[in-house]
Amino acid sequence: MAEFFAMGGYGAYIWPAYAVFFVVLAIDAIAPRLRRKRVLHEIRGKLKRRQSREATP
Amino acid sequence: MNPLVLWFHKIGSPPTFYRIAGVLAPWCFAIAIAVGAFALYGGLVLAPRDYQQGDAYRIIFIHVPCAWMGLFAYAFMAVNAFIALVWRIKLSEILAMASAPIGAAFTFITLVSGSLWGKPMWGTWWTWDARLTSELVLLFLYLGVIGLYHAIEDRRQAARAASFLALIGIVNIPIVHFSVNWWNTLHQAQTVRLMGPSKISGDMLWPLLTMALATHVWFFASLFARTRVGLLELEGGKDWARDVALAEATRERTVTQHG
């Protein structure tokens with residue numbers, strides 16, 4: 001196992017490269033989820049404001 | 001209208017595409033992760049050591065698929081940008097703008113992993129050779145498209161301006177691709193070729209191609225997720241988007257009450 005992580009002495013270069021790969025793609029997957037929540041929240045807010053405007057004569 | 005055009009119009013309408021993309025996105029994410037894990041097992045465990053580069057070459061299994069995706073995402077963005085500018089199809093505007101951050105992500109990984117590969121093999125993190133420089137220009141083009149899209153208030157005008165920039169940037173694509181043939185510098189020449197035999201052993205090639213498949217599926221997963229949000233944002237005032245927003249609020253309430 002230790003030999004696997006050492007990668008023939010190149011572990012210090014290989015694992016950071018793979019770490020960047022995973023971290024960047026994780027951000028790529030999470031970003032639209034967060035934005036989706038924000039956008040839906042904004043749509044509901046606009047709808048609420050419009051409804052209260054229409055309710056008051 | 002002929003049935004194919006009719007079908008195309010139906011798929012291209014925002015609420016329909018929103019629904020279809022919602023079904024496809026989770027499947028694409030799951031398939032990409034499963035195929036990617038399989039490819040990594042092949043690349044990091046099963047594939048033999050390289051006779052020249054030792055284990056350092058194993059960075060290839062992320063570096064090359066990500067580099068391919070950087071170009072693929074750009075081509076996808078440019079085609080949709082062209083459709084958006086000529087036919088003014090809303091869905092194409094959103095698709096073009098959704099592929100920019102994914103392409104930027106893959107290009108960024110390519111540059112960083114390439115740098116981490118260059119240090120032990122070439123003795124330097126960076127050199128201003130044609131391949132590295134044009135790849136950096138590719139990243140800046142992506143960032144330029146994203147920046148321009150967010151700098152303009154009107155969403156549709158912003159998409160058209162950014163689409164125009166994306167089309168101009170196409171000149172860089174052949175430079176990235178052919179740079180290793182045109183200028184002989186530190187970056188090694190193409191290993192995998194569509195035409196003619198690849199210069200790589202089979203037990204290294206299959207994890208590489210499997211990883212390429214995984215990153216392509218990932219691209220579409222992320223694209224669908226991003227396009228859905230883009231469509232909601234653009235059509236926020238329409239009934240279907242409101243229905244989605246209200247249904248989501250009800251779902252969240254039930255989760256907090258029962259969960």
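Largest mean-square fluctuation among B:ASN181, B:ASN80, B:ASN172, in a Gaussian network model of chain B whose springs join Cα atoms under 10 Å apart, belongs to B:ASN181. For segment B:54-153, the spread of Cα positions along the three principal axes, ordered from largest to smallest, is 51, 23, 20 Å.
Helices from chain B with mean Kyte-Doolittle at least -1.0 and a Cα length along the axis of 18 Å or more, per DSSP H: which? Working shown, then result.
Working: long enough: B:14-41 (40 Å, 1.38); B:60-87 (40 Å, 1.79); B:90-122 (47 Å, 0.88); B:130-151 (30 Å, 1.35); B:155-168 (20 Å, 0.44); B:202-234 (47 Å, 0.97); B:239-258 (28 Å, -0.89).
What comes out of the filter, once short or polar helices are dropped, is B:14-41, B:60-87, B:90-122, B:130-151, B:155-168, B:202-234, B:239-258.
Using just its DSSP H runs of length 4 or more, each adding -39500 (n - 2.57), chain A gives a mean residue ellipticity at 222 nm of -31000 deg cm²/dmol after division by all residues.
Dipole of the protein assembly as shown computed with +1 at Lys/Arg Cβ and -1 at Asp/Glu Cβ about the Cα centre; of B:GLN53, B:TRP128, B:PHE224, farthest Cα towards the positive end is B:PHE224.
About the centre of its Cα atoms, segment B:110-259 shows a dipole size close to 180 debye [charges on the beta carbon of Lys, Arg (+1) and Asp, Glu (-1) only; nearest 20 debye].
For segment B:32-64, backbone nitrogen atoms closer than 17 Å to the point 7 Å from B:TRP206 Cα along Cα-to-C-beta are found at B:35-49, B:61. In chain B, Cα pairs under 8 Å separated by at least six residues give a relative contact order of 32 percent.
Could you order the peptides B:247-254, B:16-23, B:186-193 from most to least packed, using the average number of other C-beta atoms within 10 Å per residue?
Per-residue Cβ counts within 10 Å, averaged per peptide and sorted highest first, yield B:16-23, B:186-193, B:247-254.
Taking other Cβ atoms within 10 Å as a rough exposure proxy, B:SER163, A:SER52, B:SER115, B:SER198 sort from fewest to most as A:SER52, B:SER198, B:SER115, B:SER163.
Cα extents for the protein assembly as shown along the principal axes, largest to smallest and rounded to whole angstrom: 80, 49, 39. Both the radius of gyration and Dmax for chain A are 23.8, 77 Å, in that order, over alpha-carbon atoms. Pairs of lysine residues in the protein assembly as shown that meet both criteria, 8 or more places apart or on different chains and Cα atoms under 22 Å apart, total 9.
Read the figures in this text as sums done on the coordinates, not as results from a lab. All values reported here derive from a predicted model rather than from experimental measurement. Glycine also receives a Cβ, built like all others from the backbone with ideal geometry; neighbour counts cover every protein chain displayed.
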